[in-house]
Every structure is written in structure tokens, then in C-alpha cells.
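So the structure is just underneath, and the comments pick up after that.
FYI, it's all coordinate maths here, none of it is from the lab. Since this is a predicted model, take the numbers as computed values, not measurements. Cβ atoms come from the backbone with ideal geometry, glycine included; neighbour counts cover every protein chain shown.
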Amino acid sequence: MARLPTMEFDGVIVGGGGAGMRAALQLAQSGLKTAVLSKVFPTRSHTVSAQGGIAAAIGSEDPDDDWRWHMYDTVKGSDYIGDQDAIEYMCSVGPEAIYELEHMGMPFTRTERGRIYQRPFGGHSKSFGKGGQASRACAAEDRTGHALLHTLYQNNLKAGTTFLNEWFAVDLVVNQDGVVSGLVALEIETGQVVFVKSKATVLATGGAGRIYATTTNALMNTGDGIGMALRAGMPVQDIEMWQFHPTGIHQAGVLVTEGCRGEGGYLVNKDGERFMERYAPTAKDLAGRDVVARSMIQEIMDGRGAGPDSDHVLLKLDHLGEETIFKRLPGITELSKTFAHVNPAQEPIPVVPTCHYMMGGIPTNVHGQVLTQVADGNDAVVGGLYAIGEVACVSVHGANRLGANSLLDLVVFGRAAGIHIEDAMRQGVGHRDPADEDVDNATARLARWNESTEGESVADLKRELQRIMLVNFNVFRSGDHMRRSIGDLADLRERIARAHLPDKSRVFNTARLEALELDNLLEVAQATAIVAEARTESRGAHARNDYTERDDDNWLCHSLYFAAEAAEKGVRKRAVNLTPATVEPFQPMARTY
Amino acid sequence: MKINIYRFDPDKDESPRMEEMEIDLPEGRDLMVLDVLELLKAKDPSIAYRRSCREGVCGSDGINMNGRNGLACITPISEAASRGKLTLRPLPGLPVVRDLVVDMTQFYRQYEKITPWLVNDTPPPAQERLQMPEDREKLNGLYECILCACCSTACPSFWWNPDKFVGPAGLLQAYRFLADSRDTATAERLAALEDPFSVFRCRGIMNCVSVCPKGLNPTRAIGKIRSMLLSQGI
């Protein structure tokens, strides 16, 4: 292939959500030549949909709140496979990260004293689980993600960040030493393909909820970063761990925040019974999300689901009164009216557990540097590559993320990666020149689609993939179904390799993007299936009906999946970090709420 | 159902055309216009439009439906096509890139012009800056803007002077910072808006208010900016 046009930057961040823009801000403020490359205009990134809050022990609602309590809750929430050094870092610098956002102008809701308003969220407690419910989620009404994302975009404009908006990342360019020297990207408006050369490449591409037929995720959440990393030979970690949010609107899949339950709402079955009292006597509706989701499905399976098909439960809010709902939850009022045709001030909202968040991702250290595993089983840093936010697995969420911890993850590790890159640049890290064939490798799949002349349609294949995942990798999983799905997905891989892109036009060709996204969805789906089948226990969001108990002897560890070897050699394991720097480690205990 | 959709691919077409397409709608469900677009795209993958969150918060899929701007993902067919016919066009007043995709550069440039970030020249405290709930309440109805451009592209003053008139979306954000008790750049912000075009091209037509998918009121914000400018004696 002819040489591609080249652009050069110190740092390129792929993805304009909360993590990407926080990292970009750090770099741009220190004068480095920084670009954010995003397939959508940055304020359209999925962070914008986050509703309820961003967790940190700022002590506004409770002056005694302590980041160590937050750390305990996060470790327990993770079902003990979150890395304790990373969780310690996130929870301890959390308050600082929140104040920075406020100083940038983020419009938080306020308390009577003018401080940032905090609301209760699931799994957050006082005094290491012994002091009752904590109010730790800092909120801007129920539009916290919108407020955060717009504030970060505004501050990046101020800092002079270069935005490559509506550019699609095709693949990473890796040179013969295994160092990442940038990526090949496609400018959507013109169809031009460019080599974007960079001293540091940061994947901040978000999640991949679209592997499921229904999800709270945006249509663009197709796991592009995971696909890129796996094709480049990097591993993914704990990819079997998918969070099902208890309250997706029945059929539409649209999210209603856990903040509804934080403000005093609760779930009822068809008999009007507040069933969570039976499953989690202490925390009730504010138990961990995996616990609440399983309880809901149990109610439905036991015939106590609501509606003509008994296939959902109800979220009751009307007792909170119109004023609280109007003041604290205006966004979900809109969504409920639009997508469920109910006014939550009068009627309950029909809800069902819905795919929401990818706990797994590309393994990194606390600086966001991507890690791989070398022959002796030790970690090794991949040169030139970082990952932050949902696409990364640092890992602060383990097997189950706590509500309001995802936005915190974005800003804390976006900032940390930015700081690390600044340091690396100061120490004189330069460009790493790839060979022409390294660049060609990164254009291979684009060429494949462009040269296709016949075959199945992208839309049909995508629908099939999403159905396989929804049916077989849901809240409860069984070995038989998973094994059959692994075969079906291998089959699907063959078919996708022969699928057809009929529209070869250059300008704003969204059919081509959807084809490239399908490659990524397939990588995520296959990784999920193979690892989920391999983890023979139930932990956090991974609940199997053939292995119903947690197995700390064999599985108190991360799973590690390499695309090239998993089919023959199986899934690798990686140790969980149990050595925080300033506090005693939290030892695994039975997890009850 | 019959749908008329605006088609233009600069690679192939000399000029834009309207294409009539037909699809079967599922019984008993009121689809959103975006669902219909997705069904059309499954039939003809070459149709181009922007979309992402499909819940009315990302602002990608502002289009013109039967003559009215709105977000395709939260506009039900029953509302958009009340007389059984649906015509889909790109947002008016901006150059068309392809099909329903417009070039939003001018729209974003006006947003960038209003200094869309908080300015505070005092050193930040160790914790958050305090803001009383009644001051914070002044930002409601302003900060929620999703930059979908439905309002500015429905505004005749913006169609006429897209390079000089900031337009309803930009002015709503200009007022969002003027109204913020933490912002210290009021004088500079007003000075940048005092020319005859930036604010004063607004003729109070109020198309912006009638189309805003988030129920916001740019005309009211523009009125407040005018009052601030006038009370400063400019």
C-alpha cells in the first residue's frame, strides 16, 4: 500500500469521553501537542448519559466520611478481585479530583450550606460496613455525566487541545519491538485514511454494551479499543464481568439511575411487595448491583414479575412526592414519560436488569500504562500505549462495580495517565518509527471490507451476535449454553470474515463504520464467552448455575485472555493486588448486604 | 408507511433529491423516528445520519421531521407524522455533508466564541467554591443544553448571519456563565457581545423555544443578556 499521509502529536487520546478529555486536559495544560480523536463530537460521548453521581468521600453530607470506608466498599463490591493498590489510589485522591471539576465550573447541585450535594448510592456504607448507608455520590441533579462531560470539553477548549472530531480509529500501529507508535484512523467526513503518529497513544474508547441486544449503552459503544488491543496482541482482563444495571426501562433498555433508590425509591414485585427486604435485609434496595439484579430475576423466575408477560418488576417513586422528583430527578422523569409512558410521580416505572457496564478491559497499572504478561508470568509494560476509563481494567471494579464509581474512575485515571505521560515526555521519550508494513498491518481490515464483493449483511450478523450474548451471557449463566455459544461465535467469526460492505463511497460512510464496529463487537463477544466459560465459579456479576459458589482457592484472581492463544491454550490467570500502601489489606469475606 | 427522505451523496449526486421509501411498522408499538431510520438503514445501508445515545441526551440526531426540528430518538412517529406521512430532511441553514448529516462547523464556532468556560481569577480554595442553592438554581434551564443545534438551525436570524449572530444555543451558554455566581468575567463577557450582531440580531421569533427538545428557553436567556447590556449603559 502507498504511504499514508501522516500527522504527528506528542499524545493522541482515542475517545472524547470523561477519561479521554481529563487526560487530554492534563497534557494540553502542560503545553504538549495533544489531540483527542473521537468518532463523535466529544460532548456526544457516552459519559453524557451518566446520571446519578460521582463517588468520593468529600464529607459534605457526613463530615466524618473517610476515603478508607469508600475503599472498603469498593473492595467488597468488587467481590475481592479489584486491585487494592488501585482502589486505594482512586478513593484517596477522589476528593481532590472532585474539587478540580468544581473549580473548572461543573454545576453540582448544592446543600443548604453551599457545598456539593451528595446522595446515597448502592453498596456505599459508613465505618467499614458497620455504620449504615453512606451519602457519597456527588451529583448534578440526575445529569451528572452531562455536567461533567461538558465541563471537561469547555476546559479543553480553553487549554487549546486539538480535536479530531468524527475520526474513526481503525487499528494500532505496533513496530517490530512491540512498541505502539500511533494508529491508523479514518476521517469520517472525507473518507481519508491517515497514520496518526504519537509518542503516547491513549485508548479511552469506553465500553462495548452493544454486544447485547438490549443495553443501557449508546449505539456507538462497540468496544473499539478492546478490538484494537486484541488484534495488536495485547490481553484483556476480567472481560467475563458484565454489570447488569437493575433498573433499565423494560423493553427500551434506557437507564434510570440508582439515584432513584438513593432518594428513597424501591422495587416491588407484581404483588406490590418490597422484595429486596428478603434478599438484602440491611441495605435492601441499595445492595450491590449484582445482588439486586439477581434478586429481580429470581422474583421474575418465581412468577412474581409484573405486566401481562410477568417479565419485569416495578420501581416505585410516587411516595417521594412531586417536589423531590422534580428537583432531584428531572432527567429520569423525562425518560420515563418518553420511553415507558409513565409519570413516576404517579405510577411505578417498569424495569428489568439491563447490560450496563464492562468491568473488564485492557489491564493497566495505576498510571494507565497497558500491561501484558510475559513468559515467566510477570507483568510487562507495553511501550507507548495507555488505557483509561471503561476500556481499561486497572482494576478498581473487579467483578462488580459500585454505583457512582465509574465517573470517579474516569477522572482519577485520566488525570493519572496524563501526569505519567507528561513525565515521560520530560524524560525525553520520542517518536518510535514503524516500518511501512507495520502501518499496512493496521489498514488490513479496512482493505478487507473495501474489497468485499458479496456476502452476508452487517446488520444481520450484528443482530445474531447480540442475540447470542443476550440469551447466554445474562445475569445467570450455564456451562452448557456458554459452550454452545462459543461454537456459534467461532462460526460467526468465519461468516463476518466473508461479509459484505455494499456501500464503498468516501463521504460520511456510516455503513463502513458499522462494518468496522462489527469486527470489534466480535472480538469482545468471543473474549467474553471463552473466559466466562473458563471461570468455574460464581463471583460478582458472573453467576453460574453449575458453579454457584465463589471459589477463592482457584479463582481469587484476574482472568487474562489473549485472542491468538485462548482457543488452544485456554485462559491465563493474573494475581490480584492485595497490598495497598497505607492501609491494611481487606481480606476476602462472605459478601452480604 | 411511506417515508420521504432527503438524499445527497456528493460523490455520486449532482444535486440532492427526495427518495420515497416504504417500510412495515410493527403493530401496537409507537416507534421513534430513529427506530424508523434504523429500519430503513437495514434495507439501504447507504443512508447517512448521526445517532448515538438514542435517549435524547447526546444531541447527535437533530433532524428536520415534517418541517420541524427535533431529535429523532425521542420523537415518536405518532407525533412526527400525525397525518400518516413522514418527510425527513437535514437541519436547515447549514451545509449538507451527506443525506441527513450537516456540517456543524459554524454552529460550533459560535459556541466557542462566547468563552464557554468558567472564569474565576481568584485562587481556588482547598475544597469546592461554595455556591448557595438559590445561586445554583439560576443555572437550571441553561446548563442542560446538549448542543444538538435544533434551535439555531430553526432561527431565521441565524440563517441570515450564521457568521456574526451567535444564535440561540451559543447565547444560552453565554448566559449560563453570566448567571454563574462563581464567574468573575461578567464585564468582559458583556463587552464581547455588545456589537450589533452577536445578541441584537435576535428578533424574538421564538422558534428556538418551540423546537428545543430539552424544553429550554433561549429567548428568555437572550432577554436577560440584553437587560444586562442595557443596564451597563452600553
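Here are the numbers:
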| item | result |
| --- | --- |
| Radius of gyration and Dmax over the Cα atoms of region B:105-233, both given in Å | 14.6, 48 |
| Binned Cα-Cα distance frequencies in region A:502-553 - 10 Å width, integer % | 21, 30, 19, 15, 12, 3 |
| At most 15 other Cβ within 10 Å, DSSP loop - GluC sites (Glu not before Pro), region A:444-489 | A:454, A:456 |
| Under the span-like rule (Cα at least 18 Å along the axis, Kyte-Doolittle mean at least -1.0), DSSP H helices of chain B | B:218-231 |
| Qualifying GluC sites (Glu not before Pro) in region A:68-172, DSSP loop, other Cβ atoms within 10 Å at most 13 | A:112 |
| Coordinate range along principal axes, alpha carbons of chain B, Å, largest first | 59, 37, 31 |
| Test item: A:101-111 mean partner chain Cβ contacts at 10 Å | 6 |
| Peptide A:462-474, shielding by other chains (average Cβ, 10 Å cutoff) | 0 |
| Cα extents of region B:110-151 along the three principal axes, largest first (Å) | 39, 23, 12 |
| Pairwise label distance in nanometres, residue A:426 with residue A:480, each label 7 Å out on the Cα-Cβ vector | 6.1 nm |
| Order by protection proxy (mean Cβ within 10 Å, highest first), peptides B:39-49, B:120-130 | B:39-49, B:120-130 |
| Compactness relative to 2.2 N^0.38 Å, alpha carbon Rg of region A:1-151 | 1.22 |
| Radius 13 Å from Cβ of residue B:18, net charge of other residues (Lys, Arg +1; Asp, Glu -1) | +1 |
| Region B:2-102 - convex hull of the alpha-carbon atoms, volume per residue in Å³ | 100 Å³ |
| Distance in nm between pseudo-label sites at residue B:15 and residue B:126 (7 Å out along the Cβ direction from Cα) | 7.1 nm |
| Within 10 Å of each Cβ in A:215-222, the average number of Cβ atoms from other chains | 4 |
| Mean-position separation - Cα centroids, region A:562-578 and region A:496-556, in angstrom | 15 Å |
| In region B:1-95, the GluC sites (Glu not before Pro) that fall in loop regions by DSSP, at most 12 other Cβ within 10 Å | B:14, B:27 |
| Sites residue A:500 and residue A:567 - FRET efficiency at Förster radius 30 Å, r taken between beta-carbons, to 0.05 | 0.70 |
| On Cα atoms only, tilt of A:144-159 relative to the major axis of chain A in degrees | 40 degrees |
| Cβ crowding within 10 Å averaged over residues, with A:578-587, B:146-155 ranked highest first | B:146-155, A:578-587 |
| Region B:2-102, dipole about Cα centre (Lys/Arg Cβ +1, Asp/Glu Cβ -1), debye to the nearest 20 | 240 debye |
| Assigned charges on the beta-carbon of Lys, Arg, Asp, Glu; region A:6-79 dipole about Cα centre (debye) | 560 debye |
| Alpha-carbon spread of region A:352-474, three principal axes, descending order, Å | 51, 46, 31 |
| Taking the convex hull of Cα positions in region A:386-543, its mean projected area over all directions (nm²) | 12.8 nm² |
| Cysteines (scope chain B) whose Cβ has no counterpart Cys Cβ under 4.7 Å | B:73, B:145, B:148, B:150, B:155, B:202, B:212 |
| Estimated inter-spin distance, residue A:548 and residue B:227, nm [label 7 Å along Cα→Cβ] | 6.6 nm |
| Helix A:84-104 axis, angle to chain A major axis (alpha carbon atoms, nearest 10°) | 90 degrees |
| Stretchable slack from residue B:1 to residue B:134, in nm (0.36 nm times residue separation minus alpha-carbon distance) | 42.9 nm |
| Long-range Cα-Cα pairs in region A:459-526 (distance over 21 Å), rounded percent | 30 percent |
| Cα-based Rg of chain A normalised by 2.2 N^0.38 Å, two decimals | 0.91 |
| Efficiency of FRET between residue B:220 and residue A:375 - r from beta-carbon atoms, R0 60 angstrom, step 0.05 | 0.35 |
| Between helix A:330-340 and chain A: long-axis angle, C-alpha atoms, 0 to 90°, nearest 10 | 80 degrees |
